[in-house]
Amino acid sequence: MIPVKVGSEVRLNEFVAERSGNALRLRDPYSSQSFEVPEDVGVLIVPVLPMNVPKRVATHLYLSFESPIVFEEPTEIWAAMPYEVAVLAGDKVLKVMSPFKVKHTVFGTPADGLICRWYKTRLIDDPEGYAGVEALGKVTVKVEKPDVVSGLIFDMRDVNLYIAEAGEGLRVYYDLLSGKVKEGVLRADNTARPPLEGLRRLPRIVGPGRLAGFIARVTGVIEREV
Amino acid sequence: MVDLQFSEFLSMLGGNLLTYLMVGVSIAVVVAIALFIRYWMRRVAKPRIPLHVYTALEKLVVYGIIILGVLAALAPLGIELTGLLIAGGILGIVIGFASQTVVSNFLSGIFLYIEAPFKVGDAVQIMDYGGRIEDISIMSTKIRTWDGILVRLPNDKLFNSDITNYSRSVARRFRFKIGISYDSDIEKARQALLKLMEEHPMVLVNPGPQVLVVEYGDSAIILEVRGWAPTQVWFDTYMSILRMAKSALDRPGVKIPFPQLDLHIKEIPKGQGSPV
């Protein structure tokens, strides 16, 4: 999570949050909005699953590889993944915005396929040295027979996000995924486990009570400002 | 003599009492069977069948069993069933002729349930009415039109109509035509419109957007813009692209012309023909 202190600006790729005095201004490529937030109220940016901007229509995430990948034997890959950010004032969610370009696609046919959040991804060879803004996801790949794969798809609804401190910012991770190559697509399921040790699991934004407890317990920022 | 008449009376009474008792028990058994069948239907059939169909079916079955059972149970009392059945048949024919429409609506309701061309909440176009299905009952279907008006459609009319269901697919295509002037660069216009759709979060990547030259019209080159959007946001996406198309074309200098007519004035030399 990233606190937005009075008199500061936070940029995450295409998302900007500026705070001066009581004014809080938020913008992303799809909307912009201003709020009046008293200076003694903490403002926090929390990564959430990319399902809300501009409207919730997708349940799955489809990651399109920059170039098709040949899978011949079981392996593990790390891929760049998008996320959205929820802006909280105290324990209230003010708005959810997207630091990344938002697109959707149909997996299957328009008659009865799946509406998916779409993202053009790339494989990350060195996840520990990764300096980008995107989240990272690890996928263990099972291969029954060699195939050329153009994308990865998985159900986002039960996936957890995790964070780790990384230099001056934060790094976001997805749950470890377990994938199987089938008909040119890597179809993955959620293992509900973190991809690495020592990561902090982010809460799902479901209600103010749970959020307040989480914020006070994890960051300490809100307590200091109060 | 008196003793004989009294004992005969007692015997007759005892016999009738037994008959009445048997009839009473038979009716009670019939009612118990009907109630058991109703209980079984509520447990097994009710969760699986739309409520409006189940309610009619339950009444038909339960009352049918009770009526037939009671009539059969009354036979020992000497009540002529044949006459009742004939009278019932004639009455049924009379009622049938008088209520053809009602029966037709009822049967159409059953067939609509079996075929299920729509469900409550679907966006549909039926005859001249476009809107959302608000209620489906055994005799009629109610639509809330896009203008907020509630329309009741008899099921027999509905069953025989063309029904367009816009909610049955996860994605729908939008398309519209736009004319550009003959001195505009077609490729610049195409790229500007494609970029507009590529940047819109709800225009799908697959199936992808298209911009096609479909006609060389009298006043303009006609382009057809096509894109797909999730059904739940189809209308908003379509309207958004339609609204932004003009400014997308303005930026690279592509013009949308008014209808035009080129007038050529020709001078006819004297002596070669008379003007009109």
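Just one of the numbered conditions (1) hydrophobic (A, V, I, L, M, F, W, C); (2) buried (at least 17 other Cβ atoms within 10 Å of the Cβ); (3) within 14 Å of chain A (Cβ to nearest Cβ); (4) over 23 Å from A:Ser64 (Cα atoms) is not true of B:Ala171: (4). Here B:Val62, B:Val44 are screened, and the one residue that is aliphatic (A, V, I, L, M), under 30 Å from the mean Cα position of the chain (by Cα), more than 20 Å from B:Asn155 (Cα to Cα) and loosely packed, with under 12 Cβ neighbours inside 10 Å is B:Val44.
Consider A:Glu73 against the criteria (1) under 22 Å from A:Tyr173 (Cβ atoms); (2) of a type outside the set (Val, Ile, Thr); (3) away from chain B (no Cβ under 14 Å): it satisfies all of them except one. Which criterion is unmet? Failed condition: (1). Pairs meeting the criteria (first residue in the range A:1-23 and farther than 21 Å from A:Glu165 by Cβ, second residue of a type in the set (Lys, Arg), beta carbons under 6 Å, at least 6 apart or on different chains) are A:Val6/A:Arg19; A:Val16/A:Arg27; A:Glu18/A:Arg25. Put simply, of A:Val133, A:Val139 the only residue that is away from chain B (no Cβ under 14 Å) and in a strand (DSSP E or B) is A:Val139. State the number of residues belonging to the range B:153-168 that are in a strand (DSSP E or B), more than 14 Å from every other protein chain (Cβ to nearest Cβ) and within 30 Å of B:Glu224 (Cα to Cα). Within the range B:153-168, residues that are in a strand (DSSP E or B), more than 14 Å from every other protein chain (Cβ to nearest Cβ) and within 30 Å of B:Glu224 (Cα to Cα) number 2. Residues that are closer than 24 Å to A:Leu12 by Cα, open to solvent by 20 Å² or more (accessible area, probe 1.4 Å) and in a loop (DSSP other than H, G, I, E, B) within the range A:188-202 comprise A:Pro194, A:Leu196, A:Gly198, A:Leu199, listed in sequence order. Just one of the numbered conditions (1) at pLDDT 95 or above; (2) more than 26 Å from A:Arg117 (Cβ to Cβ); (3) surrounded by fewer than 15 Cβ atoms within 10 Å (Cβ to Cβ) is not true of B:Leu242: (2).
When you look at A:Thr140, is it within 24 Å of A:Met51 (Cα to Cα) and open to solvent by 10 Å² or more (accessible area, probe 1.4 Å), yes or no? Criteria met by A:Thr140. Among the residues examined, A:Arg11 does not qualify as surrounded by fewer than 19 Cβ atoms within 10 Å (Cβ to Cβ), charged (D, E, K, R), under 25 Å from B:Phe235 (Cα atoms) and out of contact with any strand residue (DSSP E or B) (no Cβ under 7 Å at 6 or more places or on another chain). Within the range A:76-106, being surrounded by fewer than 18 Cβ atoms within 10 Å (Cβ to Cβ) and within 14 Å of chain B (Cβ to nearest Cβ) holds for one residue alone: A:Lys101.
Give B:Leu194, B:Leu150, B:Leu158 a once-over and let me know the one that is surrounded by 15 or more Cβ atoms within 10 Å (Cβ to Cβ), without any contact (Cβ under 8 Å) to a residue 40 or more places away in the chain, of a type outside the set (Lys, Arg) and at negative phi.
None of the others qualify; the one that does is B:Leu194.
One residue stands out among those in the range B:97-142 that are among the aromatic types (Phe, Trp, Tyr) and outside any strand (DSSP E or B): the one that is most open to solvent (accessible area, probe 1.4 Å), which is B:Phe97. Only one of the numbered conditions (1) farther than 27 Å from A:Pro38 by Cβ; (2) crowded, with 17+ Cβ neighbours inside 10 Å; (3) over 12 Å from the mean Cα position of the chain (by Cα) is not met by A:Tyr130, and that is (2). Only one of the listed residues (B:Val233, B:Val211) is more than 14 Å from every other protein chain (Cβ to nearest Cβ) and under 35 Å from the mean Cα position of the chain (by Cα). That residue is B:Val211. One residue stands out in the range A:109-127 among those that are at the interface with chain B (Cβ under 8 Å from one of its Cβ atoms) and not in a strand (DSSP E or B): the one that is least open to solvent (accessible area, probe 1.4 Å), namely A:Gly113. Residues in the range A:42-49 include none that are open to solvent by 30 Å² or more (accessible area, probe 1.4 Å) and either within 14 Å of chain B (Cβ to nearest Cβ) or touching a residue at least 12 places away in the same chain (Cβ under 8 Å) (or both). When the residues of the range B:26-69 are filtered to those that are among the small types (Gly, Ala, Ser) and part of a helix (DSSP H, G or I), the one that is farthest from B:Phe118 (Cα to Cα) is B:Ser26.
For the structure I just gave you, tell me whether B:Tyr166 is closer than 30 Å to A:Ile115 by Cα, among the aromatic types (Phe, Trp, Tyr) and open to solvent by less than 80 Å² (accessible area, probe 1.4 Å).
Yes: the conditions hold for B:Tyr166.
The values are calculated or read from the model by the stated rules, or taken from the named source; none is laboratory data. For clarity, every value in this text was computed on a predicted model and none was experimentally measured. Cβ coordinates were reconstructed from backbone atoms using ideal geometry, including for glycine residues, and neighbour counts include every protein chain displayed. The protein model used for the area step is the full one, side chains on, heavy atoms only, and it has no ligands, DNA or RNA in it. Shrake-Rupley method; radii C 1.70, N 1.55, O 1.52, S 1.80 Å.
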